[in-house]
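Nothing in this text is a laboratory measurement; each read-out follows from the coordinates by a stated rule. Computed from a predicted model, the values in this text were never measured in an experiment. Here the Cβ positions follow ideal geometry from the backbone for every residue, glycine too, while neighbour counts run over all protein chains shown.
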Amino acid sequence: MGCLRYLTCTRLDILFKVGLISRYMEKPRSLHLKKTKRILCFVKGIASYRLFYSSSQNLEITSYSDSDWAENLKDRKSTTGFIFFIGETTFM
């Protein structure tokens, strides 16, 4: 599970699912193993997909993050989310 957590830094499309499964690492069940294998199959299938950015002098990175602490009243788990935008700046 630690390797999947590390992989979420570059594969944001699996971040939510890995976060959900990570909550149950103290007492994992067979369902969690099945879901983890499903994520690994997905990662294997998209391993050759890449994003390429052309060089530019006007790139701007904008990021946003949000988190809640123990907001879920059922299990008191916390959730964190973030998003990054990369684009060219435009000057008027």
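Taking Cα Rg over 2.2 N^0.38 Å as calculated from this structure, the corresponding entry among (1) 1.40; (2) 1.16; (3) 1.01 is (1). Each label point was placed 7 Å from the Cα along the Cα-to-Cβ direction; for Asn58 and Ser30 their separation is 5.9 nm. Take every Cα pair under 8 Å whose residues are at least 6 apart in sequence, average their separation, divide by the length of the chain, and the relative contact order is 19 percent. Taking θ as phi - 60° and the Karplus parameters 6.51, -1.76 and 1.60, the scalar couplings of segment 5-21 work out to 4, 5, 5, 5, 5, 10, 10, 5, 5, 9, 4, 5, 5, 5, x, 5, 5 Hz in sequence order, x denoting glycine and proline. In a DSSP loop and with at most 12 other Cβ atoms within 10 Å, the GluC sites (Glu not before Pro) in segment 5-79 are Glu26, Glu71. Compared with the alpha-carbon gap, the fully stretched path from Ile39 to Glu88 is longer by 14.3 nm at 0.36 nm per residue.
What does the net charge come to around Tyr49 if you take all other residues with beta carbon closer than 13 Å to its beta carbon, with K and R at +1 and D and E at -1? All intermediate terms of the calculation are to be shown ahead of the outcome.
Numbers: positive: Arg11, Lys44, Arg50; negative: Asp13.
After counting each charged neighbour, the total is +2.
Residue exposure proxy: Leu73, Leu7, ordered by other Cβ atoms within 10 angstrom of their Cβ from fewest to most, comes out as Leu73, Leu7. Only lysine pairs 8 or more places apart or on separate chains count here, and in the chain those with Cα atoms under 19 Å apart total 13. Choose one of Gly2, Ser55, Leu31: the residue whose Cα lies farthest towards the positive end of the charge dipole of the chain (beta-carbon charges +1 Lys, Arg; -1 Asp, Glu; about the Cα centre). Working it through, the farthest residue towards the positive pole turns out to be Leu31.
For the chain, what is the mean residue ellipticity at 222 nm derived from helices alone (per DSSP H run of n ≥ 4: -39500 (n - 2.57); sum divided by total residues; nearest 500 deg cm²/dmol)?
Rounded to the nearest 500, the figure is -9500 deg cm²/dmol.
Taking amide H as placed 1.01 Å from N in the peptide plane, Thr79 has its amide H under 5 Å from the amide H of Asp68, Ala70, Glu71, each at least 5 places away in sequence or on another chain.
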